[in-house]
Every structure is written in C-alpha cells, then in structure tokens.
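**Q** Once you've had a glance at the structure underneath, I'll fire off some questions.
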Amino acid sequence: MAKIKTPGYKCLYGYHKKGEREERTCVTYKCGLINTIQDVLRQRPGWIEVKDDGEWDFNWCDVAWLRENFDHSYMEEHVRICHFRNHYELTRKNFMVKNLKRYRKNLEREVGRMEAAKCDFFPRTFELPSEYHLFVEEFKRSPGSTWIMKPGHCSDMFVLKVARSQGKGIFLFRKLKDIMDWKKDGTRTEEQKNDVQVESYVAQRYIENPYLISGRKFDLRVYVMVTSYIPLKAWLYRDGFARFSSTRFSLSSIDDQYVHLTNVAVQKTAPDYDPEKGCKWQMQQLRRYLTAKHGRETVETLFKEIDNIFIRSLQSVQKVIINDKHCFELYGYDILLDDSLKPWLIEVNASPSLTASSQEDYEMKCRLLEDTLHIVDMEGRLTCREKRVGGFDLMWNDGPVYTEDANPETLSSSCFTANTHLGCVNDRKRQLRQILKPFPGQKRI
C-alpha cells in the first residue's frame, strides 16, 4: 500500500488528551490469515474488515506481505501492524544463534563470565555451509553423539514453504556421511529438489536426555508479546501448552519423526493419534504436575530460568531490530526441558500457529488473541500504566517489572518478585473488567 489514510474520523493512537488516549469508535482492519485470528477480529466490537486495497488502521499480515509492502507504505500515527520489519533477526534459526553468540561474547567482555553464563540456554549450533569446518571439529570431539539438521535461512519461496511444512526438512544424524548424502540430494524429495532454495541450514546438538512424561518427549510453546524494542517492553502470557510426541522416546530410532518431533502437524499423522485427546497439555496442568513431582521451589526456579531465556534473547536483538512505533510482535517460543529440568531454547516463531487442534486449544488461542488486541489498544481504553492486561503480564519495561507487593526502596534486588506468572491461574475476565473501559457504546458489566 503506497499510502494509508484513515477516512471519516480523527483519532490518533498515542495522542494524549488530558493524560488519556482519545477513544475510537471504529477500527478498520485487514487480515491475511484464515484461522482463529480472523474469528477474533470479526467478533471485536466496532472493528470492520476491509478487502483488497481498502484503507486500514490495523493489519494482521503474514511475513510475505510485510516483506513485499512494508517499505512502500506510509502509515499514519495510529496505524498498527503485527510484525517488526526485520523480525527475522530473532526468528530465523541461524540469525537467532548468531545474535545470541554475539550478545554472550559482549557480556563476557563487558561484565564477566558469570553474567555471560546466563546465556547458556541454546544447544551448540553451527550454520552450514559457512561454519562447516568448525562443525566438523566439534563433531569429532564427541563421536557417536546425535545432531539435528534444520533449515536456517532460506529463499523467499522456502520461507513460505517452511511456514506450512512444520517439521519437513528436519532430520537427526550421527555420522558425517549422513550430511554428505544429504548434500547430494539423496534424502530430499522431488518437490524440494525442484522448488526449495535453501541458502543455509543449522546443525545443532540434539538434546539426548529430554525430560519425559510417561516415557514421551515434549516441548513448551510460550507466547511473548513485544510492543517496543527501544525501550524494550515485553509481555508474557500465562497460558501456553506442552506438545507431546505420540511415541515413547528412544535414541535407537533417530529416523522416527513421531519420537523426536513434537509438531502437531507431524504428530496428528501418527497411526495411533487420538484427535479427541490430542497431544497437548495446558501450561497450568504441566506446572501442577512438575510441582507435585519436584516441589514448588524447584519449579519456581525452573520458570525463572525460562523467564531469563525470554529476556536475554530479546536483549540479544534489541540493537539490531528496527524499532517502529507502528509494530508489535507476538512470538511463539519453543522451549525444551532436559532431565535435570534445565530449559533449552529451541527456536522463536514470528508466526506461531493460530490454527486450533481441539476445542480447548481454540478457546486458549482466542483468549490469547483477544488480549493481544487489548494491549495493542486501538480503541484507547488503557492508561499505559498497566502491569497486567488479561492473561498478559508485563515482565520488562526498560528494566525488570515486579509484582505490586515488591517495594524497591525497602527490599534488596534478590527479594523482588518478578511480574511473571506462566502456568498460573488466568482469571483474565475479572481482571479485564477492572481495568478496561467499556467499548464505545457498551455499558460496563
């Protein structure tokens, strides 16, 4: 879109009048996805969908649209869009690792090794082909260990395919010969040979000792929302889920994707997949299970370490992400636990799947998206001083955020309680009634 105008009214998002934002009675939106987000947008009072080249105030677009249109668009003050221009600095596997490695090195040089050690939450990773010789050296130091190969940076065509493939192009290996066979296209499908232009892959040490429940591997999907990088402002959602494999874990069958890949798109094709039960636990269920088995203190330490992953990874790209007041991002973090309850960052998704795999999953994603729109606040219903909005808790606002009962003047920093509640009770409806003004034309319930 060459120019974006807002016809019919003058309401600027971020414009303050007597300390408050001016309320909007109508928001025009465009949505490039057909899933849960479309349902949420259509049900939001006062929001009107526009088609094709219609003028819009809010755009939930895919990354392909962003790449093709962002630099050619003029956006008025109030307009919002759901991606930062170069989001890929965190969400492409090779760029994420590059930025984390640089950030860790800077911390070690400027602060010290103890601080840098707080970034030791991603497995040993190499970009191929550029770091192939470094990878071979590391590979030979630990013969017999298992590695996993994943697409890292791809051509535009492959970026679109990866968004749909969910697990394709990923394989485990233990021998260098396996990579040589792969490079010769021996393990690639005809479609991949003809269409997919992969510019790089990442080879990553496979976590051989994952934490198991009923003998099955799982990973966590957690949602983090960023509304600004300068200063950094990040929100953590209370809900999320654990995605389980359908087959008991074993390293004797590294070619079995139902053992090692937890993607729902993969697991739902398993012969014994039960669509009624699915392959997910809600985050609250997982936290209760872990607390019952390991105790509250151990689990609180685990979740603090997970919080550390979110903050450190965002800080690693804070100076390279192009900050823009028109942009926000809803990230999907994938975290794996090992058998010592150490969390590992697997990847960060710029377009986490919003397609529901069950009714429970649909309801959770509707809550997530409704609260995302509350924070974007196109209608001007917030004060900008909130520490919580629905299921989102503000965990970083140019510095750590603490719960209401923490007093920085009387407590040492070690006594602060972080304002994060992943896997805790999400009484969002009650909380929203307390903080939100009614939609224009509605009465407070």
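**Q** Measure up Lys150/Lys342; Lys177/Lys217; Lys217/Lys437; Lys280/Lys437 against 32 Å on the Cα-Cα distance and list the ones that go over.
**A** Lys217/Lys437; Lys280/Lys437
**Q** Once every Cα of region 250-363 carries one equal point scatterer and solvent is ignored, give the base-10 log of I(q)/I(0) from the Debye formula at q = 0.16 Å⁻¹, two decimals.
**A** So the normalised log intensities are -1.05.
**Q** Here's a follow-up. Based only on Cα atoms, what mean projected area does the convex hull of region 298-424 have, in nm²?
**A** 10.2
**Q** Then there's this: In region 197-245, what percent of the accessible surface is made up of carbon and sulfur (1.4 Å probe, ligands and nucleic acids excluded)?
**A** 45
**Q** Hey, what's the per residue convex hull volume over the C-alpha atoms of region 200-298, in cubic angstrom?
**A** Per residue, the Cα convex hull of region 200-298 comes to 180 Å³.
**Q** What percent does the relative contact order of region 287-422 come to when contacts are Cα pairs within less than 8 Å and at least six residues apart? Don't skip to the answer; put the middle values down first.
**A** On the way: 97 pairs, mean separation 19.9, N = 136.
Averaging sequence separation for qualifying contacts and normalising by length gives 15 percent for region 287-422.
**Q** Give me the number: length gained by fully extending Lys437 to Val320, i.e. 0.36 nm times residue separation minus the C-alpha to C-alpha distance, one decimal in nm.
**A** Numbers: separation 117, 0.36 × 117 = 42.12 nm, distance 3.63 nm.
Between Lys437 and Val320, full extension yields an extra 38.5 nm.
**Q** On the protein heavy atoms, probe 1.4 angstrom, tell me the percent of accessible surface of region 36-150 carried by carbon and sulfur.
**A** Heavy-atom surface of region 36-150 belonging to carbon and sulfur, 1.4 Å probe: 49 percent.
**Q** Once label points are set 7 Å from the Cα along Cα→Cβ at both Lys175 and Asp39, what is their separation, rounded to one decimal in nm?
**A** 4.8
**Q** 7 Å from Cα along Cα→Cβ at both Tyr289 and Asp274: what's the point-to-point distance in nm?
**A** 1.4
**Q** I would also like to ask the following. Taking N as the number of residues in region 16-115, what is its alpha-carbon radius of gyration divided by 2.2 N^0.38 Å?
**A** 1.51
**Q** Can you tell me the length gained on complete extension of the stretch Arg124 to Cys26, counting 0.36 nm per residue apart and subtracting the Cα distance?
**A** This chain segment gains 30.3 nm when fully extended.
**Q** In nm, to one decimal, how far is the modelled label at Asn308 from the one at Ile230, with both set 7 Å along Cα→Cβ?
**A** Between Asn308 and Ile230, the simple spin-label model gives 2.9 nm.
**Q** Which value, in Å², gives the accessible area per residue of region 267-374 when a 1.4 Å probe is used on the protein heavy atoms?
**A** Values: 4750 Å² over 108 residues.
Here the per-residue accessible area is 44 Å².
**Q** Let me ask you something else. Which pairs break 28 Å Cα to Cα here: Lys268/Lys304; Lys118/Lys319; Lys93/Lys365? Numbers along the way, then the final one.
**A** Details: Lys268/Lys304 32 Å; Lys118/Lys319 19 Å; Lys93/Lys365 25 Å.
The pairs that break the limit, which is 28 Å between Cα atoms, are Lys268/Lys304.
The values are calculated or read from the model by the stated rules, or taken from the named source; none is laboratory data. Treat the numbers as computed from the prediction; the structure is a model and nothing was measured. Ideal geometry is used to build each Cβ from the backbone, glycine not excepted, and the neighbour counts take in all protein chains shown. Only protein heavy atoms, including side chains, enter the accessible area calculation; ligands, DNA and RNA are left aside. Shrake-Rupley method; radii C 1.70, N 1.55, O 1.52, S 1.80 Å.
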